[in-house]
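Read-outs: derived from the displayed coordinates by stated rules, not from any lab. Note that this is a predicted model, so its numbers are computed, not measured. Here Cβ is always computed from backbone atoms with ideal geometry, including for glycine, and neighbour counts include all displayed protein chains.
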Amino acid sequence: MDREQLHGTRMLQREAELPTQRSKEQRQHELELGLPSAESIRDRSIPLFNRSGWRFSNSGTFACRPFLADMRELGGQDVAVLGVPLDCGTTFRSGTRWGPQAMRTVSGLAAAGYNFEMGVDLSESLDMVDVGDVSVIPANIEKSFDQIDKAVAHIHERAVFPVILGGDHSIGYPDVRGLAPYVDGNVGIIHFDRHSDLSEYNYDERMHGTPFFHATNIPNAPATNLVQIGIGGWTGSRGGVKVARERQATVITITDIERWGLERVAEMALEIAWRNAKAVFLSFDIDSIDPGFAPGTGTPEAGGLLPREAFRMLHIVTREGLAGMELVEVSPPYDVGDITSVLGVRVINDVLGTLVEAGKLGRRPDETIKADPEVERQKDQTEPGGG
Ligand SMILES: [Mn+2]
């Protein structure tokens, strides 16, 4: 018997005879819909926005909203939900590449969009689309940053509010990098986390402990407008502390929250983020909430926020409006009964509900409905004659 008689050899030849026309047309179509990728991507058949839904980009849409296949049609909507299935920036447990899919899957639970306590109905108030995932480059974080930056910038350029589903926290840097050029002034950052994420490098690269070192190097995103809420525990690094001290970032610990109370620290965070700023970005790391409630995450740190504490503070810090938000570090392989994904979706819905309630996004279903008395009081103070 010789090599030519092997089935394997025949099949080697067979592959060369199979047609490729349909798949080539499909890839070309996806490239047209998904726009050209960042300059650093050598394979020019990879689009900027992933239109194939392959592998870790395979998921339903957020809150069962329409999937926007053609990114050339973005514009005029209120909200674009964007997945970033990236976890090559994790330094301990990976798995956040499954975060967008898991959150989309469980988001169907609250897809009706109605919240009794807030008195809002997102289905009535928000024109929201799911634009699918960024085509990330799993083996190259810098190329992934270029893709994320360009994708986020495309959403801001079309004046749509992005809700970014991580992915690990390394994406905080390109998320801010994609926003900053579209803000005519400074960008404030409100950052919920148990970790400061201010190191210059992890393992010689810009991984998930580094996003705010690099984001606050962007000229119009100064660290003096960075407020970090929930910092503490044993899993942070000393390097980041030095950066926060030198750049005068504001760090609010769990001890501060216990001592001063939720309302006072949240009011302070809101004031510092907006001081001489034109826009504020919200970065919410799910590990800011105690791992008893949010076990599905890469760097768990006990003693974090209770869910209701996080919801109360979010209600205060987001009511003046946001330019975008990210929900990062949901790692479904470590989750139990999807509770971490459910919590992530709840945070997103609460923020959207607050923005609608405060008249900062979409339309209030009935303008005669009074908002939270606290919101009204604030408006009366800040807007002479308004209300
Ligand atoms: Mn964290």
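General remarks:
- Close lysine pairs were tallied over the chain: pairs 8 or more places apart or on different chains with Cα atoms under 20 Å apart number 5.
- Distance between the modelled labels on Asp204 and Trp260, one decimal in nanometres: 4.1 nm (7 Å Cα→Cβ projection).
- Computed from the alpha carbon positions, the gyration tensor of the chain leads to an equivalent ellipsoid with semi-axes of 37, 24, 20 Å, biggest first.
- Taking other C-beta atoms within 10 Å as the exposure proxy, Ile289, Ile164, Ile171 rank Ile289, Ile164, Ile171 from fewest upward.
- Note that segment 88-95 has calculated 3J(HN,Hα) couplings of 6, x, 7, 10, 9, 9, 8, x Hz, one per residue in order, obtained from phi through the Karplus relation 6.51 cos²θ - 1.76 cosθ + 1.60 (θ = phi - 60°); glycine and proline are x.
- Taking the Cα centre of the chain as origin and assigning +1 to Lys and Arg Cβ atoms and -1 to Asp and Glu Cβ atoms, the resulting dipole is close to 580 debye.
- Using the Cβ-Cβ distance between Cys64 and Arg158 with R0 set to 22 Å, the FRET efficiency from 1/(1 + (r/R0)^6) comes to roughly 0.45.
- Chymotrypsin sites (Phe, Trp or Tyr not before Pro) lying in DSSP loop within segment 148-210, provided at most 15 other Cβ fall within 10 Å: Tyr201, Tyr203
- Each of Met313, Met103, Met207 has some number of other Cβ atoms within 10 Å of its Cβ, and from fewest to most they run Met207, Met313, Met103.
- Annotation for segment 256-297: trypsin sites (Lys or Arg not before Pro) lying in DSSP loop with at most 14 further Cβ atoms inside 10 Å of their Cβ are Arg275.
- Taking a ≥ b ≥ c as the square roots of the Cα gyration tensor eigenvalues, segment 21-118 comes out oblate, since a/c reaches at least 1.5 and a/b does not exceed b/c.
- Options Ala302, Leu270, Thr253, ranked by Cα towards positive dipole end of segment 210-335, top entry (Cβ charges): Leu270
- When each of His29, His7, His191, His315 is scored by the number of other beta-carbon atoms lying within 10 Å, the sequence from fewest to most is His7, His29, His315, His191.
- Available extension along the chain between Glu32 and Arg247 is 73.1 nm, counting 0.36 nm per residue and deducting the alpha carbon span.
- Sequence-distant residues sharing a close amide H with Leu86 (under 5 Å, placed H): Gly167, Asp168
- Charge-dipole axis of the chain as Lys and Arg at +1 and Asp and Glu at -1 on Cβ define it, positive-most pick from Pro36, Ser94, Leu322: Pro36
- At full extension, Phe116 and Ser40 could sit 22.6 nm farther apart than now, given 0.36 nm per residue minus the alpha carbon distance.
- Under-5 Å amide H pairs with Asp133, H placed in peptide plane, nonlocal only: Asn50, Gly83
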